[in-house]
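Notes follow the structure.
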Amino acid sequence: MSLFEIELGDNFLFKSKSPFLLEYDFNNFYARNIIHPDNEFKSLLYEDNFFEVEFDSIINRRFKYKRKEYECLKEVISINIYEEYYQYREKDSKKELAEKLFGCNMDKVLYPIWQLFYIVIGKLKWSNYNQTEFIVNLEYFKKLSETLYKEYLIRNSYRDLEFENDEKAFEFKKELFVILKKYNKEIYTLEKLTSFLKYLLQLHYLLRENEKYKLMWNLESTYILTTIMIMIRDFELTYTQIVELVKDETNMLYQTDINLVYKEINTSVKENYFYYANKSIIQFVNNMLNKNIEENKFIEVLTSNDRYKGILSSIIEINNRFFANKRDESTVLSITVGVILNTEIFIKEKSTSTKDGLFDKLKGLDNSLCSHKLSMYRNLIELSDKGDIFFEKYNKFTNEKDSVEKVLILYYHSRNYVAHNLVDFEKFFYENNRKVINTILNSVLTILYYLEEMNS
């Protein structure tokens, strides 16, 4: 069973949270996971590996009340947080940044989530051996916790800071990931990442064999997945290369097969195909491309490209929230903007056009496209059209004859709208039985399929 398959409550879900928890939250995880209810957790920690900070500090509260601290966030992403903390405690650091990050009045304690893994394996058979092995890998647990925290800040930057529009927020987020990649390349080595990933798979096996499933699922979704993604994103390895690196014939009996873990983390895409490959969507795609694609073929093509899985997961999340009637407007909007703007990256990669504009990139996708039709469709909606005028023209445009050109320009106008306007949530997501958002997501799926078909 994978993390995605169960309804995880806040009682033990680490994913999406900060990897540094206040004492109350840490104790909740500890108590509700029945790690060792007879002992107070503090007596079981590994040494004094925690942060003493001010409650309103950045490391505890993010940038929630610092709405224009763009440069400060960049600096936090680029520094070694642990080193900065120890230097600050010794009064030997960049005072201004350290004060913002940790605060002056050290009235709260933050515990790293890796301490929970250390505590639990200390209560299993061969506890001394297990904890000794853990301590050998402690350096990388700290480094990965730092990476998890920085990714947490980046994910929430659109909430915490002020931006002119969603495109500006998206571009800033991309800039932060570039800074993080550079930092990761400096602090990690591929050899040690590989060794650490092997250890995580051994720890995963140990937790599974001892039926500590809650912690096992959390290990998958935090440290294991993040390690894999650093190797793919920052060291530019393929997943196949990673599988070869972590193979350990001498230790396979005591190490979970990476394919089982990675498959479990990513099976949510294939298992939840209803949200991106139901009959209505397949019909939309077939009409636009003038084809007769079967459901299985559509799913196979889209999931064959690992880089699309982020977009597919986001579409699943958006639709799942609507079907379950669990909608947080800012979250849904952020995910949707990410889907639209990330699709643009794939379009630009496939286009033969040397010009930078999105419209030129669309024209450069395929020589068989009708340039006249593309231009005509583009001019039906002006860049300056906003509010009711935009939606009136957009809905009218959806009645044009279905074609590849139509779906590309549907995407083009949607992208321009979310990038340059304050989104009217009611019209964008709800009106006419969700017509606009459905059309946009279906257009993205059609384009992804079209791009993959170009490859073949």
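The values are calculated or read from the model by the stated rules, or taken from the named source; none is laboratory data. Just so we're clear, the structure is a prediction, and the values are computed from it rather than from any experiment. Note: ideal-geometry Cβ built from the backbone for every residue, glycine included; neighbour counts use all protein chains shown. Heavy atoms of the whole protein, side chains included, go into the accessibility calculation; ligands, DNA and RNA do not. Shrake-Rupley method; radii C 1.70, N 1.55, O 1.52, S 1.80 Å.
Distance in nm between label sites at residue 142 and residue 431, each 7 Å beyond Cα in the beta-carbon direction?
5.5 nm
Given that just one value was derived from the coordinates, which of (1) 68, 60, 40; (2) 71, 50, 41; (3) 74, 55, 38 is Cα extents along the principal axes in Å?
Step by step, Cα extents along the principal axes in Å for this structure corresponds to label (2).
Residue 22's amide H: which non-local residues (gap 5+, or another chain) put their own amide H closer than 5 Å, with H modeled 1.01 Å from N in plane and none for Pro or chain starts?
The answer is 111.
Going down the table (68/185; 279/401; 361/406; 181/212; 291/373), which pairs top 24 Å between alpha carbons?
68/185; 181/212
Going Cα to Cα from residue 247, which aspartates and glutamates come in below 17 Å? Please leave out same-chain ones fewer than 8 positions away.
Partners found: 191, 257.
If I take R0 = 45 Å and measure r between the Cβ atoms of residue 321 and residue 90 in this structure, what FRET efficiency does the formula 1/(1 + (r/R0)^6) give, to the nearest 0.05?
Plugging the Cβ-Cβ distance into 1/(1 + (r/R0)^6) gives 0.45.
How much length would be gained if the chain were fully extended between residue 17 and residue 389, taking 0.36 nm per residue of separation minus their Cα-Cα distance, in nm to one decimal?
129.9 nm
Answer with one residue from 73, 227, 377: the one whose Cα lies farthest towards the positive end of the charge dipole of the chain, charges on Cβ with Lys, Arg +1 and Asp, Glu -1.
Highest projection toward the positive end goes to 377.
Please tell me which of these pairs span more than 20 angstrom C-alpha to C-alpha: 168/363; 74/100; 363/427?
Flagged as over cut-off: 168/363; 363/427.
Can you tell me which aspartates and glutamates have their Cα less than 16 Å from the Cα of residue 270? Leave out same-chain residues fewer than eight positions away.
5, 294, 295, 300, 306, 317
Using 0.36 nm per residue of separation minus the Cα-Cα distance, give me the extension gain between residue 290 and residue 124 in nm, one decimal.
Length difference between fully extended and current span is 53.8 nm.
So if I place +1 on the C-beta of Lys and Arg and -1 on the C-beta of Asp and Glu, and nothing else carries charge, what would the dipole magnitude of the chain be about its Cα centre? I want it in debye, nearest 20.
Using Cβ point charges on Lys, Arg, Asp and Glu, the chain gives about 800 debye.
Pop the C-beta distance of residue 360 and residue 97 into the FRET formula with R0 = 41 Å and round what comes out to the nearest 0.05.
0.45
Of 280, 43, 112, which is farthest on the positive side of the dipole of the chain, counting Cα position, with +1 on Lys and Arg Cβ, -1 on Asp and Glu Cβ, and the Cα centre as origin?
Farthest towards the positive end: 280.
Please report the carbon-and-sulfur percent of the accessible area for the chain; probe 1.4 Å, protein heavy atoms only, DNA, RNA and ligands left out.
Reported share for carbon and sulfur atoms: 47 percent.
Give me the distance in nm between label points sitting 7 Å out from Cα along the Cα-to-Cβ direction at residue 49 and residue 31, one decimal.
My value for the distance between the label points is 2.5 nm.
Nearest 20 debye, what's the magnitude of the dipole of the stretch 152-245 about its Cα centre given +1 on Lys and Arg Cβ and -1 on Asp and Glu Cβ?
In total the dipole reaches around 300 debye.
If you count only protein heavy atoms with a 1.4 Å probe, what accessible area per residue comes out for the stretch 302-456, rounded to a whole Å²?
Counting only protein heavy atoms, the per-residue value for the stretch 302-456 is 45 Å².
Would you calculate, for the chain, the mean residue ellipticity at 222 nm contributed by helices, counting each DSSP H stretch of 4 or more residues as -39,500 (n - 2.57) and dividing by all residues, to the nearest 500?
Helices in the chain give a 222 nm mean residue ellipticity of -19500 deg cm²/dmol.
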